1. So A:L66 passes all but one of these: (1) more than 30 Å from B:W528 (Cβ to Cβ); (2) within 7 Å of chain B (Cβ to nearest Cβ); (3) surrounded by fewer than 17 Cβ atoms within 10 Å (Cβ to Cβ). Which condition number does it fail?
2. Could you tell me whether segment B:506-523 includes any residue that is β-branched (V, I, T), in a helix (DSSP H, G or I) and either within 60 Å of the chain's Cα centre (by Cα) or at pLDDT 90 or above (or both)?
3. Just one of the numbered conditions (1) on the phi > 0 side of the Ramachandran plot; (2) modelled with pLDDT under 80 is not true of B:A159; which one?
4. With the requirement that a residue be open to solvent by 70 Å² or more (accessible area, probe 1.4 Å) and within 35 Å of the chain's Cα centre (by Cα), what does segment B:302-322 give you?
5. Considering only segment B:341-387, state which residues are within 20 Å of B:N274 (Cα to Cα), surrounded by fewer than 17 Cβ atoms within 10 Å (Cβ to Cβ) and of a type in the set (D, E).
6. Name the single residue, out of those in segment A:28-41 being closer than 22 Å to A:L69 by Cα and open to solvent by less than 80 Å² (accessible area, probe 1.4 Å), that is farthest from the other protein chains (Cβ to nearest Cβ).
7. Taking segment B:183-217 as the search range and keeping residues that are open to solvent by 20 Å² or more (accessible area, probe 1.4 Å) and among the charged types (D, E, K, R), which one is farthest from the chain's Cα centre (by Cα)?
Amino acid sequence: MAPKAIGSPVPDAWYPTLSVFTLAIGLVLTAFFFIYEATTSRKTRSLAQELTTAAVASFFLGFGSLFLLLASGVYV
Amino acid sequence: MHRCNLRLKRVREVRWLRLVGSPLRLGLLKLRENRIMTTTTTTTMTSRRRRRLDLLLFLSVFTFAILLSPALSSSSDTDLIILSKVDRRVDLSTQIVRITTSLKVENTGSDPVSEILVSIPDMQGKHLAYLKAALREGKGKGKASGVGLPINVAQLKDAPPALTLYSVSLPKGLGKGESLNLDVLTVFTHVLEPFPQKITQADIQLLVFQDSAYYLSPYTVKAQSLTIKLPDARIESYTKLETTKLQGSELKYGPYENLPPFSYLPIVVHFENNHPFAVAKELVREIEISHWGNVQITEHYSLVHGGAQSEGEFSRLDYQARPYVRGASAFRSLVAKLPPRAHSVYYRDEIGNISTSNLWGDSKKTQLEIEPRYPMFGGWKTEFTIGYGLPLQDFLFGSDGKRFLNITFGSPMNELVIDTLFVKVVLPEGSKEISASVPFPVKQWQETKISHLNIAGRPVIVLEKSNVVPEHNEYFQVYYKFNSLSMLREPLMLISGFFFLFVAYIVYMRADLSISKSSASYLANLQWEEVQATVQQLHNIISRCLKTHDKLEASLRDLSRTGDVQACKATRKSVDTLLKELSKELKPLVAFLQSSPQASQVFPKVEELVVKEKDLQERVMAKHSTVVDCYEKKLGGREIENRVASHQQKITALRQEVDDLMDIIDEI
């Protein structure tokens, strides 16, 4: 079998755009999380909703910051 | 005066040689006499220097003579082969000495021969950096095939002790009477001795090269010649034999014919060479692979000017005014040839960025010209780091479930000698079964390196090689196994980091951090929170009630469209039970709010809401019953509208009020 070149799963040129969008989504979800935390009382808060929002927000923030690192030349 | 000195010394030497008593050495002395004649005609050197040079030459001649003495008997094995033609080209234009020897080998014996011996004197041998032998196809100046033949160190009984023999294995045996062409390339470093060893800023750099005019071989050589290519500069002196010719910057010795094995005739060339003598005492090349699309190369150089040592003070003013006269031996810049598509190139040292660098590139290469912080004179040192990124797909390949990096071994700098080279290949975390394949022997071991977003550290394979020349810039491979899912380690770390922050905040919001659990304000706060929660629940229940009202209305609309009275009744039944449950749930909440002192302000509104909602509910039910009744009696559309009209008016007004109250309560 002839050797095949291995490249990045995402083209390098996309990193800046990807990081802007994923970070934007992540930050909006973070804002939603904190608004929810601030506006509900201790009795009426739903743990499931908090955790889901936190998980989705951290997913987008995580990938966003990874793409930010890659776009700025810190190849992890 | 000089002549007198020299003559005196010669007399001393002759006496000494008579003591040793060898006819061969007397021949050498004759040779030296010639050389002395040439040196005395040059006038640039001081007498002190000249005396030292003579001594040096004498000592070197002496060593060669020792080397030569026991070599004149040959074994039967080497008798079979003769070298019918030997052409040697010595390239002295840079600090690296490259000797290309073209051999025409003939087998005169009856048995086929599979190995050919190449000998290198130890004096040069200890500086041997690279040795390659390749077959040359076709007659005359055919093209040498790129593939090197396997070479091993060999022993020969009768060989002189100060020789190292290498045996070149031929791909197929050389039969009786057959001949072949063999190209042998040998590369030496640190062979050119600066003489004088110390020079001032204004001096030029002079070097001494010693070799044999005859090709030193365990075989009989029929015809041979030697060409020495010198840089385009002054030639101070050279050994003059009968057959020596100087053409431009090329020095020719020979042709010589029918010489026995291990023939040796020392020659010495003393010449000017101001090419950069850049020697990297140590070079650490770090190649870091990121599967996110980059191969990062960082090279730490610890450089020294390996030529004649600089003596006396350095005048920047002189150097600046006439750099090629007052600083001829210094070099001010180095050129590195980086692979194409190199990006993010930097050149820095401990202080910070060094701005004196230039970069330009095309589709085939990227060229980086760097200037050290100061001109490099003999013996001066500098340390710096260059780094660059390369696209991953140019260097990383996959085959048979394994991945391998394919990249060049040596430094990208032009004509750089590296005393010790460490190549560290940093693989991504999670790589397994690592192995390296290098086309020449290297020392290798493994390490780990902790870098960005690593837990266990990245596996590093270290390759160490000493005495590296540009010829070692061959491709080497590092094979490893890697699961693509391991790439998700870094993002998962980031994600879990963020998630941890969120969880911490959730925990903080749920934790009760007040110190005094019995203070009035704390208790009031607690009660107020309870009231808030109750009002919230109440709000939820009422909004569910309103939704069921909507459901009833919808069923009425369905009725007017389809006329299905049974379906409408069924909906009414389910709505009835649902509303009953909801009112049951509502009762304790209202009771709690009534009893709670904290809710005294809110309660009137809540009560009003509950009453109005009840009213609304009744009206809706009444309307529903009326309409269903009418349908059962099969009354006309106008009749129904008349009967319902009063209900409808009331419902609309009540619904408006209830909605307003809901908004007010929602804000609490």
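The values are calculated or read from the model by the stated rules, or taken from the named source; none is laboratory data. Predicted model, so just to flag it, every value in this text is computed and none were measured. All Cβ positions, even for glycine, are placed from backbone atoms using ideal geometry, and neighbour counts span all protein chains on display. Remember, those area values only see protein heavy atoms, side chains included, never the ligands or the DNA or RNA. Shrake-Rupley method; radii C 1.70, N 1.55, O 1.52, S 1.80 Å.
1. (3)
2. Yes.
3. Among (1) on the phi > 0 side of the Ramachandran plot; (2) modelled with pLDDT under 80, the lone unmet condition for B:A159 is (1).
4. Across segment B:302-322, the qualifying residue is only B:Q309.
5. Of everything in segment B:341-387, just one residue is within 20 Å of B:N274 (Cα to Cα), surrounded by fewer than 17 Cβ atoms within 10 Å (Cβ to Cβ) and of a type in the set (D, E), namely B:E369.
6. For segment A:28-41, the residue satisfying everything is A:L29.
7. If we take residues in segment B:183-217 being open to solvent by 20 Å² or more (accessible area, probe 1.4 Å) and among the charged types (D, E, K, R), then B:D203 is farthest from the chain's Cα centre (by Cα).
Yes/no per residue for (1) assigned to a strand (DSSP E or B); (2) within 14 Å of chain A (Cβ to nearest Cβ); (3) free of Cβ contacts under 8 Å to residues at least 24 places away in the same chain:
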site	(1), (2), (3)
B:I351	no, no, yes
B:W360	yes, no, yes
B:S363	no, no, yes
B:P372	no, no, no
B:G378	no, no, no
B:F384	yes, no, no
B:G389	yes, yes, no
